[in-house]
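The values are calculated or read from the model by the stated rules, or taken from the named source; none is laboratory data. Predicted model, so just to flag it, every value in this text is computed and none were measured. Because the Cβ atoms are built from the backbone with ideal geometry, glycine has one as well, and the counts that use them run over all protein chains shown. The protein model used for the area step is the full one, side chains on, heavy atoms only, and it has no ligands, DNA or RNA in it. Shrake-Rupley method; radii C 1.70, N 1.55, O 1.52, S 1.80 Å.
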Amino acid sequence: MYVLEEKIYFWLLVAIPLLLVFYIAVSLWRLRAQKKYAQKHQLPHLMPNKSWFKPLLKVITISFGLGFIAFSLVNLKAGTKLETVNREGVDIVFAVDISKSMLAEDIAPNRLEKSQQLVTQIINNLASDRIGLIAYAGSAVPQLPITTDYGSAKLFLQGLSTDLVSSQGTAINEAIELALGYYGDDSEAAKVLVIISDGEDHEGDSVDLAEAAAEKGLHIITIGVGTQKGSNIPIRENGIVKSFKKDQNGKTVITKLNATTLQEIAEAGNGVYIDGTLTNEVIEKLKAELDTLDKVAFDSQQYADFESQFQWFLAFGLFFVVLDVFYLERKTGWIKKLNLFNE
């Protein structure tokens, strides 16, 4: 198991392409300057000891040095042993709506990104609960099984997009059905399904299915993302809004938050509805709801005794930096004597 402690230092890697651009610019400037005094085929005779390869080798060497030094500052840590930890919590599955309506920008930056931010902050405030992830639109797609690996959950969460599911629509019922298969039959932990959506349910039997799921011990919490006023759905190309989604009659579609449907699903699912506008309120209300559920102790494995590995990267970085000092821009004498190219 690996942990990157100071990821901000990855920005130092930007210096490598800048160095290459600078090297190319200087090389071109030198060529133009040399052409003022001699033609290209005359340069090897005027500068017989000049190495045309050494400058490039120096740039490559210093680039490797900068790269390794940047990684040393990031401070990669490796877990040296796997240990079993006793935890107490519930099993929570997040079902995130990724239908096209979630691209509406009535809540900044848009409904989908707001949903990702909400789930991320919720995960940050969890202690020892196990979590899973589902994405759904016209159909539901599993993303991450029940796990205690919060880092992986965030990674999969950030990868969600409206292109992940080809069939469009909002089938909350399929998300509920898929979630029921996430929880182990032998698990005694409380089962919680958190649905994050704008509530545009195009199926219609979600409330009945939520009631049936509640009878099997599932608690359904819904979080509404969007506004009652609503917004149109932008269609972007290369990050630029080209048009807005239209219906079959050519009219611009206005998508609104359907809080009523989400409230009905939560009520039928023995849970609560939460307005997703304010992140802090969402976290507080969700935490209060989770505190009412019985938590079950379970064992999980995690890596411990993380040790820093920066010294290896620093050693290689200093090696390449020092090696660069010994590179001269003239030809190497003993290689020249070999006359490999019969000059």
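Pairs linking a residue in segment 141-155 that is more than 17 Å from LEU193 (Cα to Cα) and outside any helix (DSSP H, G or I) to a residue that is open to solvent by less than 60 Å² (accessible area, probe 1.4 Å) and among the hydrophobic types (A, V, I, L, M, F, W, C), with Cβ atoms under 6 Å and 6 or more positions apart or on different chains, do not occur. The listed residues are GLU200, GLU113, and the only one of them that is touching a strand residue (DSSP E or B) at 6+ places or on another chain (Cβ under 9 Å) and open to solvent by 20 Å² or more (accessible area, probe 1.4 Å) turns out to be GLU200. So is ILE220 under 25 Å from ILE107 (Cβ atoms) and over 25 Å from the mean Cα position of the chain (by Cα) or not? Considered against the rule, which asks whether it is under 25 Å from ILE107 (Cβ atoms) and over 25 Å from the mean Cα position of the chain (by Cα), ILE220 comes out as yes. Considered as a group, the residues in segment 156-168 that are in a loop (DSSP other than H, G, I, E, B) and among the aliphatic types (A, V, I, L, M) include one that is most open to solvent (accessible area, probe 1.4 Å), and that residue is LEU164.
Between GLU88, GLU105, GLU113, the distinction of being of a type in the set (D, E, K, R) and closer than 25 Å to SER206 by Cα belongs to GLU113 only. Just to be sure, is PHE53 surrounded by fewer than 14 Cβ atoms within 10 Å (Cβ to Cβ), modelled with pLDDT under 90 and of a type in the set (Phe, Trp, Tyr)? Yes; evaluated as a whole, the condition is true for this residue. Only one of the listed residues (ALA212, ALA189, ALA175) is part of a helix (DSSP H, G or I) and over 27 Å from VAL253 (Cβ atoms). That residue is ALA212. Among the conditions (1) at pLDDT below 90; (2) within 22 Å of LEU118 (Cβ to Cβ); (3) open to solvent by less than 20 Å² (accessible area, probe 1.4 Å), ILE274 misses just one, which is (1).
Tally time: how many residues in segment 232-268 are of a type in the set (Val, Ile, Thr) and either loosely packed, with under 11 Cβ neighbours inside 10 Å or modelled with pLDDT under 80 (or both)? Walk me through it before giving the result.
Initial filter on segment 232-268 (of a type in the set (Val, Ile, Thr)): 233, 235, 240-241, 252-255, 260-261, 265.
Next, only the ones that are either loosely packed, with under 11 Cβ neighbours inside 10 Å or modelled with pLDDT under 80 (or both) stay: 240-241.
Total meeting the criteria: 2.
Against the numbered list (1) closer than 30 Å to LYS285 by Cβ; (2) outside any loop (DSSP other than H, G, I, E, B); (3) open to solvent by 60 Å² or more (accessible area, probe 1.4 Å), LYS229 comes up short only at (2).
Taken over segment 295-334, the criterion of being at pLDDT below 65 and either open to solvent by less than 50 Å² (accessible area, probe 1.4 Å) or aliphatic (A, V, I, L, M) (or both) is satisfied by ALA297, PHE298, SER300, ALA304, THR332, GLY333.
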